[in-house]
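Nothing in this text is a laboratory measurement; each read-out follows from the coordinates by a stated rule. All figures in this text were calculated on a predicted structure; none of them were measured in a lab. Heads up, the Cβs are rebuilt from the backbone with ideal geometry, glycines too, and the neighbour counts pull from every protein chain shown.
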């Protein structure tokens, strides 16, 4: 069939104002929607075929008026208006190509269904479009007049519970009719589940929308637009941005094709409904040949804790458990059922990292590299593998009772395996510690390293503000501050030696593993020093992360830190004593970032700070307390060599 612009229908949504209040405002979705509309007009799509539904900021209303002058149908973006266009009017129309573009806020509910928020959503009336349900509806018989569908969604996919919307979220269900015999539907999402989509308020655009439009505009007048090319362009662009640490956003895609003799569902990155059963769509993950080859690989080399690997791989989904959690085939058969391919492939990555059989590891990764790209972004799996095999250097500094230096011991951990690699024959100064770390990092090249070693300093509270991240270390090709080359965190020596504090810490730390996405409710802000009537230490109990957002002029933070240790708080972030600080600077560091990735986030801030002379850079004088109890060293062995060189990758 020849697809022409004259028989294209476009529905474009841009929402910046919300009844929920000013804190929900965005600056960019309406200009993005109007740019997309302008591109449609430049390609020959008639204005009468375009519906532009908007809720603009006052400063962006001129964008809408320009499209009105072109003859585009302009309507508001309230729930009733959008539903009327998509649910009532659209089934009565026909098109060669249906295009839908939506920019605004979005969340993911507890069933992992994606919701887009209407303009008239308020705190007590959280009106939303269930986009997961809408995509399924568009593939049913009332929409037989639209066999080719392309949908672009530029919105956050924050988990609803992280913004306090886990309850009271209205759920509109669509009446699904007979499935279409032939449909070709490709959906591009700006983010994966639990992520925020980056919006540039200065340029008034979403990073994702800009990338999509740049790709569409590369061949002026081309019709129909090549969305396979767009998908690849988006993937490539965001891989570059993630490599440059400009974003952690991972666009996700769903491509549904059904023909008279076949039915396929192509996955890349996350899919929208991990609870659904792929069998309900007439398929399971993996082709028979792929499945049989995988079974052969997994016959040998199984690590002992299959239950633990399964538990970690399925944290984001709810599944009926395998018949036998100690049998790898039973686990794989269970993980083939969800539409979301991530849990299956994550289990296999964890299996490979845990096995002691090198041949099994090599064969399994060859299979993942060959098969994985058909289902998801394999770079994400490589990132996970890097984290599982990551090197940690734990540096314990104990004040010497006689000399002015520190008795120093260093342990190296890769996964759960740790060994002592450095012990000081006498009290060391920090310059001696820097020399020892240089010897350990002699083979480390920070250029192109995705997961550099993490250096953890276990120190007395009085040393928490010590500038250990500025210690100069010699690397393969350069000398650099330690904190610009590697993530550097501090850990309290006192907690390690206090059984009561350790118990409180052990009770809180397991919560950290659940924060795969940004959650503002996980951050406890301390904006007053101890002694101020507004400071109540009882509020710290059970908290996961404390942000110390006040300017402190004293020599140490011992009092407030001891309150944190007593409460078991494992993560804290602050700027050093004397630094003019406050909530805004720390918020720049924390905003949109998963707690689990804070060591790398802070590393990125320090690296960025090194490249600028700005005294107000949020990475300057930034301290991260990150106390992971999975790495607790044994008592030092004082008979090992002083330094074992080159142990870090």
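Brief remarks on what is shown
- Computed from the C-beta positions of residue 583 and residue 429 and an R0 of 30 Å, the FRET efficiency is 0.25 to the nearest 0.05.
- Protection proxy ranking, peptides 114-123, 535-544, average beta carbon neighbours within 10 Å, highest first: 114-123, 535-544
- Residue 419-residue 222 pseudo-label distance in nm [points 7 Å out on the Cα-to-Cβ vector]: 5.4
- Of the peptides 508-515, 30-37, the ranking by mean beta-carbon count within 10 Å, highest at the top, reads 30-37, 508-515.
- Judged by the mean number of other Cβ atoms found within 10 Å, the most tightly packed of the peptides 149-156, 59-66, 468-475 leads the ranking 149-156, 468-475, 59-66.
- Label sites at residue 327 and residue 612, each approximated as a point 7 angstrom past Cα along Cα to Cβ, lie 5.7 nm apart.
- Remark: spin-label model distance residue 48-residue 479 equals 7.5 nm, labels positioned 7 Å along the Cα→Cβ axis.
- Kirkwood hydrodynamic radius of the stretch 288-388, Cα pairs, Å: 13.5
- Length gained when the stretch residue 3-residue 527 is fully extended (0.36 nm per residue, less Cα-Cα span): 182.7 nm
- By the compact-protein rule of thumb, 2.2 N^0.38 Å, the alpha-carbon radius of gyration of the stretch 391-626 corresponds to a ratio of 0.99.
- DSSP beta bridges in the stretch 391-626 [antiparallel fraction, %, rounded to 5]: 55
- Label point at residue 502 placed 7 Å out along Cα→Cβ; residues across the stretch 392-421 whose backbone nitrogen lies under 13 Å: none
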